[in-house]
1. Could you tell me which residue of the stretch 403-430 is farthest from GLY368 (Cα to Cα), considering only residues that are in contact with a strand residue (DSSP E or B) (Cβ under 6 Å, 6 or more places away or on another chain) and outside any strand (DSSP E or B)?
2. Can you tell me which of THR174, THR118, THR135 is surrounded by fewer than 18 Cβ atoms within 10 Å (Cβ to Cβ), modelled with pLDDT under 90 and of a type in the set (Val, Ile, Thr)?
3. How many residues does the stretch 121-132 hold that are charged (D, E, K, R) and open to solvent by 50 Å² or more (accessible area, probe 1.4 Å)?
4. Filter the stretch 105-133 down to residues that are within 30 Å of the chain's Cα centre (by Cα) and of a type outside the set (Gly, Ala, Ser) and give me whichever is nearest to TRP67 (Cα to Cα).
5. With respect to SER384, is the statement that it is over 17 Å from LEU442 (Cα atoms) and touching a Leu at 6+ places or on another chain (Cβ under 8 Å) true?
6. Being hydrophobic (A, V, I, L, M, F, W, C), open to solvent by less than 40 Å² (accessible area, probe 1.4 Å) and more than 30 Å from ALA265 (Cα to Cα): is that true of VAL355 here?
7. If you check every pair at least six apart or on different chains, which have Cβ atoms under 7 Å apart with a residue in the stretch 378-407 that is at positive phi first and a residue that is assigned to a strand (DSSP E or B) and not polar (S, T, N, Q) second?
8. What strands (runs of 3 or more DSSP E) completely inside the stretch 72-149 contain at least 1 residues that are small (Gly, Ala, Ser) and more than 19 Å from ILE54 (Cα to Cα)?
Amino acid sequence: MKNATRAAVVAVLAVVASLLIAPSGTAQASSPAAVGTISGRVTAPAGYPGGKVIDVSLRRLSAEGAWVEVASSLVGAGSTYTLGAPTAGTYQVRAGMTFSDSATPSRRITVSKGTRVTGVDLAIRPDPTVSGTITADGFDLALLQPGGDADDRGLNAHVWGRIDGHWERVGDRTRLGTFEGAPVLVADDGRYSFSVPGFYEAVRVQFYQSVCDAWAPCRRFGLAPEVARTYWDGTPDGGPTFAGAADLDVRSGPVVDKNITLKAATKLRAVAEPRIAGTVGVGEVVRARVGSYAPGPTTRDYKWIGQVRGSDRLLARGRTYRVPASLLGHRLALQEWPARSGFEAPVQQSRYYLVKSEARLAVTTKPGKGRATVRLRITAPAVSKTQLHGKASIYAKGKRIKTVKVRNGKATIRITRQARGKRTYTIRYSGNRLVTSPTTSLRIAIR
């Protein structure tokens, strides 16, 4: 298998997890505001690797029938846990590490004020695997292996798990060595295998190749996937929709021989990248100026990306975004995610815009005989006086007369040898990396 890169990532995750191991006593994650608590012990079979930690999570049943995580704790195998329920309601406890080992979830637990439920024990066991063979139609499977010409995006699988009749997406993690969906390790002959959390009754699987976005390891941003997204539905070629996908029953252990043919994608071609419209300043509302594609997409999603200390962060979604003060001095970009049924699309990103605060320039003058004194006061939202530095200049008929330093948002400009009469002068503040450069004009009557 050409899976050394992915195996290395999994190994790194194991090391990180081992560093987080809790003491062998009781791990507590109850909130002071909790209305009740649920506790128990996490057990593991004989021979379970020492040093492993287990993520124990408390999930509340929402009005939509989904299990929403509200608290969690990392514990060592054989340790006890206590989790605090923040409100009255119906809860469930799960335990496991993503795509490794897990336990059958607890029963439904009703919590009201003062409830203390004990003895909710969970037994860890290896997760079941799904395996089969992928056949490539119209593309070279070898190019999708680590080190291949497709920028090491490889193949992945989105996994949906059914629990209590409700479907939820599994393992939707995208940063720091974790995977968006289950990692799919594909051999040269197309054989694949991946694990799924064992607390699901059944799973549905979509095979896909990652797009090139701010976090994918691609040589060139904006590459569309080479492979069409396909759901396993029991037919050789799979299907295009989740509704048509077939259930894989994982309750009895490994599921084998789930073979599928993946086809080369029909792609949207990017013609022009999106841009940010409006003033990229603190407190300002900016909006997405759409990119263009051939053929055109039917839907578009927008993500606002902040570059803070060299790292990209997802800030918000939507066509508009109000720039917060926390982005002052950092950079903002817009990602556009187009979509069209039957097509794979590239992610397009605008250039990065430096976020500044819009400076305001207040000017007072004191004219004299052949001279004038001009005093400047500069302010800017979210910027302190000590950060308002730079230079200020005065111009007459486009010619610069004098330049002075700005300190703590203030400056005084004295001009001499001015002819008698009224004339227009222009004052300009240089700004700096945090604030814009405002300009104002005024009439001064020289005596």
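1. SER430
2. Details: THR118 fails: modelled with pLDDT under 90; THR135 fails: modelled with pLDDT under 90.
After ruling out the rest, the residue left standing is THR174.
3. Just the residues of the stretch 121-132 that are charged (D, E, K, R), to begin with: 121, 125, 127.
So of that shortlist, the ones also open to solvent by 50 Å² or more (accessible area, probe 1.4 Å) come out as 121, 125.
Qualifying residue count, the stretch 121-132: 2.
4. From the stretch 105-133, those within 30 Å of the chain's Cα centre (by Cα) are 105, 126-131; that's our starting set.
Retained after the next criterion (residues that are of a type outside the set (Gly, Ala, Ser)): 105, 126-130.
Numbers: PRO105: 11, PRO126: 22, ASP127: 20, PRO128: 21, THR129: 23, VAL130: 24 Å.
So the residue we want is PRO105.
5. On the way: over 17 Å from LEU442 (Cα atoms): yes; touching a Leu at 6+ places or on another chain (Cβ under 8 Å): no.
So SER384 does not fit the description; no.
6. Values: hydrophobic (A, V, I, L, M, F, W, C): yes; open to solvent by less than 40 Å² (accessible area, probe 1.4 Å): yes; more than 30 Å from ALA265 (Cα to Cα): yes.
Taking the combined requirement at face value, the residue satisfies it.
7. GLY390/VAL406; GLY390/TYR429
8. Fully inside the stretch 72-149 and qualifying: 80-85, 89-97, 129-137.
The values are calculated or read from the model by the stated rules, or taken from the named source; none is laboratory data. As the structure is a computational prediction, the values presented were derived from the model and not from experiment. Quick reminder, even Gly has a Cβ in these numbers, built from the backbone with ideal geometry, and neighbours come from all protein chains shown. These accessible areas exclude ligands, DNA and RNA; they are computed on the full protein's heavy atoms, side chains included. Shrake-Rupley method; radii C 1.70, N 1.55, O 1.52, S 1.80 Å.
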